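Below: the structure, in structure tokens.
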Amino acid sequence: MTIQEYAAALVRDIDLKPAELAASAREFARAMEEGISGRPSSLKMLPSYLSGPTGKEAGRVLAVDFGGTNVRILLAVLDGAGGIQVLARERFPLRDKSKDFTSEEAHADELFGYIARKVALLAPGGVEYPLGHTFSFPCEQDGVNTARLIHWTKEIKTSGVEGQDVNGLLVRALKAAGAEHVRPVAVINDTVGTLLAAAYAHPNVDIASICGTGHNSCYLEPRHPLTGGPMIVNMESGNFDGLPRTEWDERLDQASDRPGSQKAEKMISGRYLGELLGTILDSMAGLGLLKHAAGPRSTICGADLDALIAEGGAGPEIARIMRDSLGLGDLGPSDIEAIRGIARAIGRRSARAVAAGFAGALMRIDPDMERPHAIAIDGSLYERMPGYDAQIRAALSDVLGRGAERIRTILAKDGSGLGAAIAAAIASGGN
Ligand code: BGC
């Protein structure tokens with residue numbers, strides 16, 4: 001077998017065909033119903049205790065956006081007429097050469113202490129600040145201001161956080177940092193933040209999604225069983241288990257920190273796509289189709305994956321990626337094209353898998369597609385991967401036919417931080 005033959009078969013295998021896509025969307029809608037009714041489901045369907053914003057939220061608030069290995073803090077003013085102005089912002093990593101607050105060796109108190117000290121610097125004393133906290137991991141909530149971390153995702157491992165109320169941890173850390181004038185009043189998922197922020201700027205937003213390092217979507221449930229009224233539900237759709245998987249997905253899953261969990265996220269998100277390509281290349285090397293150059297391969301970064309996926313592209317740049325990122329030597333032009341074809345298939349499947357979830361959610365909230373819908377999306381894959389939005393849209397048409405014409409997809413850049421500011425204003429009664 002040649003590299004080209006192997007790649008062609010793999011590209012066919014990995015693709016989510018229209019019939020598979022439609023079946024996954026129906027399965028997604030079924031899993032939503034099971035989850036929201038409290039029956040076992042791969043969709044956690046976590047209540048946020050928030051519905052859509054009114055636009056009348058007002059006040060000066062702080063927002064902490066903790067989504068992965070970087071944290072952002074915003075100081076913002078909501079004007080009560082649908083406007084938000086950011087007065088100050090700060091962004092810092094939780095991991096660098098001298099420290100890693102995301103490793104198992106680091107403890108909750110160190111992690112939240114570090115964040116609290118940064119917040120204190122942005123919030124001079126003398127005035128009270130309500131704070132909204134976007135915490136982008138699966139949390140059980142029984143109100144808008146408590147959120148117990150169910151488990152870490154995205155390979156973050158800090159000790160002493162799982163099972164704890166992250167709002168409580170932040171309150172304690174702020175007190176220790178001498179910043180008791182900052183009152184954490186709301187904890188939200190980043191998808192929920194994205195929906196809140198996008199609803200400020202656009203009509204008809206009823207689904208929001210993150211397609212970046214991690215993947216997840218939320219939606220506005222019109223009649224939530226807890227309240228009988230509208231509520232945003234964090235589906236934790238990265239854990240959906242109704243997508244057809246290949247042997248490489250199984251292998252990647254088995255080698256991950258938590259085999260069996262976040263199956264969809266491992267097929268979709270930026271944290272894993274490079275690894276999936278690496279897993280495939282390893283099995284090709286195992287079959288003698290490829291030769292690894294010196295040393296073990298490193299995980300390919302998002303920018304390099306995007307460069308492989310883009311049509312055309314500069315030869316020297318692609319050769320560098322093959323050699324330095326993928327650790328491959330001795331490749332002719334048609335071998336390189338075959339490997340780029342595999343990278344494109346991985347990217348395309350990611351977009352179609354995301355769309356299966358959107359279609360499933362739409363089947364639930366508007367089965368006959370009678371109304372216009374806007375889906376707000378943030379994250380590096382959506383923003384930067386060539387063709388990603390077009391592939392989502394094509395997949396929506398595959399499942400929903402003409403109904404897909406009523407759907408708008410919107411890039412909601414940095415919505416999760418702004419959403420935390422809106423949530424803080426809602427929860428502190430500033431509306
Ligand atoms: C988390 C979600 C989050 C998503 C995007 C996933 O790993 O489980 O809570 O929304 O990443 O950040």
- Task: Over the chain, calculate the relative contact order: mean separation of alpha carbon pairs under 8 Å at least 6 apart, over the residue count, as a percent.
- Result: 24
- With segment 206-278 reduced to its Cα atoms and the Debye formula applied, log10 I(q)/I(0) at q = 0.12, 0.24, 0.26 1/Å amounts to -0.39, -1.01, -1.13
- With -39,500 (n - 2.57) per DSSP H segment of 4 or more residues and division by the full residue count of the chain, the 222 nm estimate, nearest 500 deg cm²/dmol, is -13000 deg cm²/dmol
- Using alpha carbons only, how many degrees (0 to 90, rounded to 10) separate the axis of helix 333-365 from the longest principal axis of the chain? 40
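Tell me whether segment 148-215 comes out rounded, prolate or oblate; compute the Cα gyration tensor, take square roots of the eigenvalues as a ≥ b ≥ c, and use a/c under 1.5 as the rounded threshold. Write down the numbers at each step before the final one.
Numbers: a/c = 3.02, a/b = 1.43, b/c = 2.12.
It comes out oblate by the Cα gyration axes.
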- Message: If each residue of separation counts as 0.36 nm, what is the full-extension length gain between Asp79 and Leu226 once their alpha-carbon separation is subtracted?
- Response: 49.8 nm
- Tell me, what ³J(HN,Hα) does each residue in segment 58-74 have, in order and in whole Hz, if you take phi through Karplus 6.51 cos²θ - 1.76 cosθ + 1.60 with θ = phi - 60° and put x for Gly and Pro? 9, x, 9, 9, 10, 9, 10, 10, 10, x, x, 8, 10, 10, 10, 10, 10
- Message: Let me check against my output: what whole-number percent is the relative contact order of segment 207-254, with C-alpha pairs under 8 Å and at least 6 apart?
- Response: 27
- the chain: most fluctuating residue of Ser48, Ser334, Ser136 per GNM, C-alpha cutoff 10 Å: Ser334
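Computed over the Cα atoms of segment 262-343, what is the convex hull's projected area averaged over all directions, in nm²?
It is 5.4 nm².
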- Task: Would you please give the residues with an amide H less than 5 Å from that of Ala106, counting only those at least 5 places away or on a separate chain, with H modeled from the backbone geometry?
- Result: Ser159
- Under the Karplus relation 6.51 cos²θ - 1.76 cosθ + 1.60, θ = phi - 60°, what is the ordered set of whole-Hz ³J(HN,Hα) values for segment 198-208, x standing for Gly and Pro? 5, 5, 5, 9, 9, x, 6, 7, 10, 9, 9
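So, R0 is 60 Å and r is the distance between the beta-carbons of Ala58 and Arg402; what FRET efficiency does that work out to, to 0.05?
It comes out at approximately 0.90.
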- Note on the structure: From the Cα centre of segment 97-145 to that of segment 1-65, the distance in Å is 27
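Between Ala9 and Ser98, what is the FRET efficiency for a Förster distance of 35 Å, r being their Cβ-Cβ separation, to the nearest 0.05? All intermediate terms of the calculation are to be shown ahead of the outcome.
On the way: r = 47 Å, r/R0 = 1.34.
The value I calculate is 0.15.
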- Spin-label proximity, Glu105 to segment 117-159 - amide N less than 17 Å from point 7 Å beyond Cα toward beta carbon: 156-159
- Tensor-based shape of segment 27-99 (alpha-carbon gyration tensor, a/c under 1.5 rounded, otherwise prolate or oblate): oblate
- Of 164-173, 310-319, ordering from highest average Cβ density within 10 Å down gives 164-173, 310-319
- Message: How tilted is helix 270-286 with respect to the longest principal axis of the chain? Cα atoms for both, answer in degrees (0 to 90, nearest 10).
- Response: 20
- Shape descriptors of the chain over alpha-carbon atoms, Rg and Dmax in angstrom, are 21.9, 72
- Task: May I ask you to evaluate 6.51 cos²θ - 1.76 cosθ + 1.60, the Karplus curve with θ = phi - 60°, for each residue of segment 218-226 and list the ³J(HN,Hα) values in order in whole Hz, giving x for glycine and proline?
- Result: 10, 8, 8, 7, x, 10, 6, x, 6
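Quick one: which of 175-183, 284-292 comes out on top by average Cβ neighbours within 10 Å, and what's the full order, highest first?
On the way: 175-183: 16.4, 284-292: 14.6.
In decreasing order of mean packing, 175-183, 284-292 become 175-183, 284-292.
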- Using R₀ = 51 Å, calculate the FRET efficiency as 1/(1 + (r/R₀)^6) where r is the Cβ-Cβ separation of Thr69 and Asp368; round to 0.05. 0.75
- Message: Just to confirm my numbers, what's the Cα centroid distance between segment 396-431 and segment 231-256 in Å?
- Response: 23
- Stick to the Cα atoms of segment 2-144, pair each with every other, and give me the Kirkwood hydrodynamic radius in Å at one decimal. 19.6
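Under a Cβ-only charge scheme (Lys and Arg +1, Asp and Glu -1), can you give me the dipole magnitude of segment 190-254 about the Cα centre, in debye to the nearest 20? It would help to have the intermediate numbers written out before the result.
Details: 3 positive and 9 negative charges, 56 e Å.
Around 280 debye, computed over segment 190-254.
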- Against the longest alpha carbon principal axis of the chain, how many degrees, from 0 to 90 and to the nearest 10, is the axis of helix 18-36 turned? 30
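If I stretch the segment between Val86 and Glu337 completely, what's the gain in nm (0.36 nm per residue apart, minus their alpha carbon distance), one decimal?
That works out to 85.8 nm of additional length.
Coordinate-derived values only; no laboratory data. Worth saying up front: this structure is predicted, and the values here are computed from it rather than measured. Positions of Cβ are generated from backbone atoms using ideal geometry, with glycine treated the same way; all protein chains shown enter the neighbour counts.
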